[in-house]
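The values are calculated or read from the model by the stated rules, or taken from the named source; none is laboratory data. Just so it is clear, the structure is predicted and the values come from calculations on it, not from any experiment. Counting neighbours? That spans all protein chains shown, and the Cβs are built from the backbone with ideal geometry, glycine included. Calculation scope for accessible area: heavy atoms of the full protein, side chains included, ligands and nucleic acids excluded. Shrake-Rupley method; radii C 1.70, N 1.55, O 1.52, S 1.80 Å.
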Amino acid sequence: MKKRTILIDCDPGIDDAIALLMAFAAPELDVVGITSVGGNVGLEATTRNALALATLAGRRVPVARGMDLALIAETKRAESVHGTDGLGGVRLPEPSYAEEKATAWEFIRDRAADFPGELEIVAIGPLSNVAMALSAYPETRRRIKAIHLMGGSAGAGNATPAAEFNIFADPHAAAAVFQSGVPITMFGLDVTNRANLSPAGLEAIRVIGGRVIAPSCAMLDHYLTAYRHFGRDTLALHDPLVVAWLVDPSLVTLKPYFVDVETDGRYTTGKTVVDVHGILKRPPNAMVGVELDSGRFVALMTKLLRSYDEPGAVIAPGAGR
Ligand code: BDR
Ligand code: CA
């Protein structure tokens with residue numbers, strides 16, 4: 001089986017954490033790097049969390065730190081959802097290795113050069129690092145196979161009435177990415193809000209138990225408490241949906257649309273404008289998720305998280321591979 005070569009740009013973040021743990025476990029994916037970005041919480045925490053999550057998974061995937069703040073926009077965080085440490089206060093193992101010396105954008109450049117035409121960027125935080133890499137190194141644009149991002153919405157937002165958090169956190173970076181010419185797959189709230197896990201579903205995973213399932217469910221408990229605070233009793237697993245789709249593309253129906261980002265609006269800054277009716281007569285620049293099979297999504301997520309405890313799949317924490 002030819003594995004997909006992926007680099008994950010993330011701001012862990014509870015749903016980022018689950019996405020990383022799923023990606024490390026998937027035999028279909030070769031995670032060749034992680035870049036951290038400030039988003040849900042600050043860069044110091046997101047970098048440390050990425051290292052700790054790889055350590056929990058028994059991996060030594062290189063982690064390069066990137067941008068803490070947005071290119072231009074004011075800083076936004078989501079500590080009310082993810083906790084001040086980004087992982088809902090759940091303690092993970094101490095990182096067993098150090099981060100890279102390169103910046104995230106240098107690291108993206110180098111990995112794209114290592115895997116020309118193969119590297120797929122999985123972007124599940126604000127797009128500051130990806131925009132930096134594409135702007136600083138034009139050759140990197142040509143070498144990246146695709147960018148699969150969690151962000152935006154064709155409808156309502158979650159950070160503002162119009163904007164989704166990852167795009168709202170750095171709208172100028174997001175606009176640069178959508179305008180870059182690199183093939184884009186967009187998993188917006190239209191689908192990720194339906195990548196649901198109910199409280200009963202969470203309990204069903206918890207009873208399986210295991211060294212990765214236990215801390216995952218503890219993090220999701222915090223996430224559920226935050227969701228309940230906002231009046232919703234079901235978790236939306238935004239970032240994990242992108243990883244699930246990489247493993248099984250039949251989970252999500254995609255449609256080609258022209259997408260751009262509003263960088264300066266009275267109410268709409270950070271909104272992804274998705275031209276679903278083709279009114280602008282612009283060629284599509286993104287494949288946009290419009291439907292998903294949420295039952296199969298939860299089953300796949302569960303399978304990947306429990307695989308850490310299956311005979312033959314267990315890797316001692318810190319052993320690396
Ligand atoms: C996105 O925002 C963050 O809070 C999550 O990690 C996810 O990437 C959802 O809007
Ligand atoms: Ca995220």
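Given a Förster distance of 30 Å, report the FRET efficiency between D30 and R282 from their Cβ-Cβ distance, rounded to the nearest 0.05. Write out the running numbers ahead of the final one.
Numbers: r = 34 Å, r/R0 = 1.15.
Once rounded, the FRET efficiency stands at 0.30.
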Which semi-axes, in whole Å and largest first, does the equivalent ellipsoid of the chain have when worked out from the alpha carbon gyration tensor as the square roots of 5 times its eigenvalues?
27, 22, 19
Estimated translational D of the range 1-160 in µm²/s (Stokes, Kirkwood radius over Cα pairs; 20 °C; 1.002 mPa s)
137
For a quick check: with amide H placed at 1.01 Å from N, whose amide H comes under 5 Å from T263's, ignoring anything fewer than 5 positions away on the same chain?
G270
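What is the extension gain from S294 to A214, computed as 0.36 nm multiplied by their sequence separation minus the C-alpha to C-alpha distance, in nm to one decimal?
Details: separation 80, 0.36 × 80 = 28.80 nm, distance 2.23 nm.
Answer, rounded to one decimal: 26.6 nm.
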Amide N of the range 173-201 lying under 19 Å from the label point, which is placed 7 angstrom from the Cα of I72 along Cα→Cβ:
173-181
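Can you send over the carbon and sulfur percentage of the accessible area for the range 166-321, probe radius 1.4 Å, protein chains only? List each step's numbers first, then the result.
Numbers: 3930 of 6860 Å².
Exposed carbon and sulfur together represent 57 percent of the surface.
Keeping all protein chains in place, calculate the accessible area per residue for the range 4-309 (probe 1.4 angstrom), answer in Å².
Numbers: 11290 Å² over 306 residues.
Counting only protein heavy atoms, the per-residue value for the range 4-309 is 37 Å².
So what is the relative contact order of the range 4-309, in percent, for Cα pairs below 8 Å that sit 6 or more residues apart?
Values: 720 pairs, mean separation 60.8, N = 306.
Answer for the range 4-309 is 20 percent.
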Scale the Cα Rg of the range 183-321 by the rule-of-thumb value 2.2 N^0.38 Å and send over the ratio, two decimals.
1.26
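How large is the dipole of the range 4-309 about the Cα centre if only Lys and Arg carry +1 and Asp and Glu carry -1, each at its Cβ, rounded to the nearest 20 debye? Each step should come with its number before you reach the end.
On the way: 28 positive and 35 negative charges, 64 e Å.
I would put it at about 300 debye.
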